[in-house]
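The values are calculated or read from the model by the stated rules, or taken from the named source; none is laboratory data. Predicted, not measured: the structure shown is a model, and the values here were computed from it. Here the Cβ is made from the backbone with ideal geometry for all residues, glycine too, and neighbour counts use every protein chain on show. Surface areas here come from the heavy atoms of the whole protein model, side chains and all, with no ligands, DNA or RNA. Shrake-Rupley method; radii C 1.70, N 1.55, O 1.52, S 1.80 Å.
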Amino acid sequence: MSAIDVQEVVKFLQGTVPFDSLAESDLRRLVEALEVIYIRQKQSMSLGSQAPNVLPLNDLHIIRRGAFEIQCKKGGLVDKLADGECFGVSSVLDNNPEGLYVVALEDSLVFRLDKESFLALTKANTDFALFFANTRVKRLSLLSKSLQQDNGNQISIESSQHQLESHQASSLTEFVQSELAGNKEDDRQAQNRADPAMQLSLPVHKIMSRQLVKAEADTSIRMAALQMTGARVSSLLIVEGETLIGIITDRDLRSRVLAKGVSTDLPVSSIMTRKPTYLDESSLCIHAQLIMSERNIHHLPIVDDALKPVGILTATDVLKNQQTSPLLMVSEINRQKSVAALAEVCQRLPRLIINLVAGDINPADMGEVLASITDNLTRRLIELAVSELGVPPMQFNFLVFGSQARKEQSLGSDQDNGIMLEREGDDREMEYFKHLSEFVCQGLNECGIPLCPGNIMSSNPDCRLTKSQWLKKIAYWVQSNSPQALLNASIFFDMRSIYGPEESLQELTDLLQEKAVKNSIFMATLTKNAISSRPPLGFFRDFVLEHSGEHKNKLDLKHQGLALINDLARLYSFATSRYQVSTLKRLDWIAKEGLLSQDYVSNLQDAWEYLSGLRLEAQQASWQKTGSASAFLDPSSLSPLERKHLKLTFKTILQAQDVAQNKFAKGLG
């Protein structure tokens, strides 16, 4: 390179991790060894490939300007890279045993550093070497997740990690191992912090038992009990041929046979649970935990596509695998006998959420976890209130609204709830529900679920109504175009019953769908309200940031991003034939009924998941730093490629808003 080139590249590398850790003399020697190459969009690179149009990848590459994807052999995405990031790490360290490919997403300018020069730098610079060793491990982890999502791929997480461990050790690998040896205790502590969350993302076949004990439906209860005793198991799968048709457990033998004096000569079909809840073996541990918790079951059959049992998962298996888990927290919540005891259990909730975020849990799964915990906490508070106040004078439903109803809560979410009464009550009866509501709302607040600033809580008499009164409210909101009615629409139209007969809510949601879709003025006004807030993009697609205050130069991911998608999904869902409450399910149904193309819906779902992930990470960082969960993000903390992705995400929302306006509010000023 010329002297001018050297100075410019040195300046670039001095601002790029990990090259900024090199001494200037090493940095200049590195620059002298660099070769500048130009890679066209869609060009592929791979180690030693003989395929046409695929360049061999034998050296380290530093992206000066451009964007790339790292892909596995079958085309699955492993990582995305942009300016200042490197690829070819697996090649220079381990000769790329996984056969990773690199594909240019756009025309790109790249610096290539030959393998010998790179290894010489690693030997002389500890921090530099450790950075690339960690990069290698990180990408193997990303590869494992990619392969895990590919059901047809036979390479598992363990095999990928085993490849890393069993590669022939280069001088760098030996060096890194020796450097890391002194930090094993720190590594173990970091691993312990992440393990609870990492375990949740395992498929159930990793922890289920494959030693199945089965019987036919005509087996006698006595023989079934002997079979369970001999095998030392607490459940027996009932099959017809090879198909699962039922299950019996120790609890069934106690409660359905001994307690009722049932003859043990009867067939097990007379006491078995028919059509039991089951999962397939690719389901995640987190889903198993939530199902077992919600349905109060302790044995979960695992089946294949033909409903043939392939395993059994017990609550003991789950707890052994995950000592600090949502299931354990739900179990503890349901055992507590006072608000103070519940509050003590819930003190661990922020740490649990932080662990889940650290484990890279899917945002939708995170919402399911938090909803399960909050639902169980609320139900337990209702039970404690009933034990204190006596039997309720009438049947009632406890309703939740907003993010809890959608199962999209995050750190710091407040409470939105109400009560639907079976009928109008007298003064004494209404006083009962006043005390119950105050007990529950204040209890939630003591357990870390803050009171609603807008007073959307059952402790407010306006949120404690009979079914007919709720029906009148909904009808009024649909017929009125007032700002308050539209605000109520955005809160109360996301509703779910977590206590009381579920069918009682069906009439409300049916009326909601029927009246909303028939009222074009309501739909148009709601659309105008939904698109009044726009994504934070300026004229030249730069971010529009907060100008002052505590969040200066930051983006509000909740109100300027996620809420906009939630509003669009809610709006379109009114025009569908079936009420759905969660944003992702609403979008699925919107596509199914053809109100938006599958491409549009997929883009909005990707946008929702991406923004939800960013919000969780921002809230985690804010909580650990300040003790409060802020959903504001400094875009300068993102990599260049992440900033591009975020801009495209906001552009997707902007386009969807324009489509909604044209569909529902055309001509409305």
| field | Residue check, residue 409 among the polar types (S, T, N, Q), closer than 26 Å to residue 569 by Cα, surrounded by 15 or more Cβ atoms within 10 Å (Cβ to Cβ) and under 32 Å from the mean Cα position of the chain (by Cα) | value | yes
| message | Which pairs turn up if I take residues in segment 475-489 that are crowded, with 18+ Cβ neighbours inside 10 Å and look for partners that are in a loop (DSSP other than H, G, I, E, B) and not charged (D, E, K, R) with beta carbon separation below 6 Å, at least 6 apart in sequence or on another chain? | response | 478/519
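Rundown of residues vs (1) under 20 Å from residue 537 (Cα atoms); (2) open to solvent by 30 Å² or more (accessible area, probe 1.4 Å); (3) modelled with pLDDT under 90, yes/no style:
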| position | (1), (2), (3) |
| --- | --- |
| 562 | yes, no, no |
| 566 | yes, no, no |
| 594 | no, yes, no |
| 601 | no, no, no |
| 616 | no, no, yes |
| Yes or no: residue 521 β-branched (Val, Ile, Thr) and surrounded by 15 or more Cβ atoms within 10 Å (Cβ to Cβ)? | no
| message | Could you check segment 376-397 and list, in sequence order, the residues that are closer than 26 Å to residue 284 by Cβ and surrounded by 21 or more Cβ atoms within 10 Å (Cβ to Cβ)? | response | 377, 378, 380
| Among all residue pairs at least 6 apart or on different chains, which show Cβ distances below 6 Å where the first residue, located in segment 638-654, is at negative phi and in contact (Cβ under 8 Å) with a residue 24 or more places away in the chain and the second is open to solvent by less than 40 Å² (accessible area, probe 1.4 Å) and not in a helix (DSSP H, G or I)? | 639/82; 640/82; 641/67; 641/82; 650/535; 650/537; 653/535; 654/535
| Counting just the residues of segment 462-498 that are within 26 Å of residue 382 (Cβ to Cβ) and assigned to a loop (DSSP other than H, G, I, E, B), which one comes out modelled with the lowest pLDDT? | 493
| said: Quick test of your reading of the structure: residue 116 fulfils all but one of (1) in contact (Cβ under 8 Å) with a residue 12 or more places away in the chain; (2) open to solvent by 40 Å² or more (accessible area, probe 1.4 Å). Name the failing condition by number. | reply: (1)
| task | Answer yes or no: is there a residue in segment 569-578 that is open to solvent by 30 Å² or more (accessible area, probe 1.4 Å) and part of a helix (DSSP H, G or I). | result | no
| request: Identify the single condition in (1) open to solvent by less than 50 Å² (accessible area, probe 1.4 Å); (2) assigned to a loop (DSSP other than H, G, I, E, B); (3) in contact (Cβ under 8 Å) with a residue 40 or more places away in the chain that residue 75 does not satisfy, given that it satisfies every other one. | output: (3)
| task | Find all pairs meeting these conditions: Cβ atoms under 8 angstrom apart; at least six residues apart or on different chains; first residue within segment 82-104 and over 13 Å from residue 56 (Cβ atoms); second residue in a helix (DSSP H, G or I) and of a type in the set (Val, Ile, Thr). | result | 86/135; 89/135; 93/173; 94/173
| message | Which condition from (1) surrounded by 14 or more Cβ atoms within 10 Å (Cβ to Cβ); (2) at pLDDT 90 or above is the one that residue 263 breaks? | response | (1)
| request: Exactly one condition in (1) polar (S, T, N, Q); (2) touching a helix residue (DSSP H, G or I) at 6+ places or on another chain (Cβ under 9 Å); (3) open to solvent by 30 Å² or more (accessible area, probe 1.4 Å); (4) farther than 23 Å from residue 650 by Cα is not met by residue 506; state its number. | output: (2)
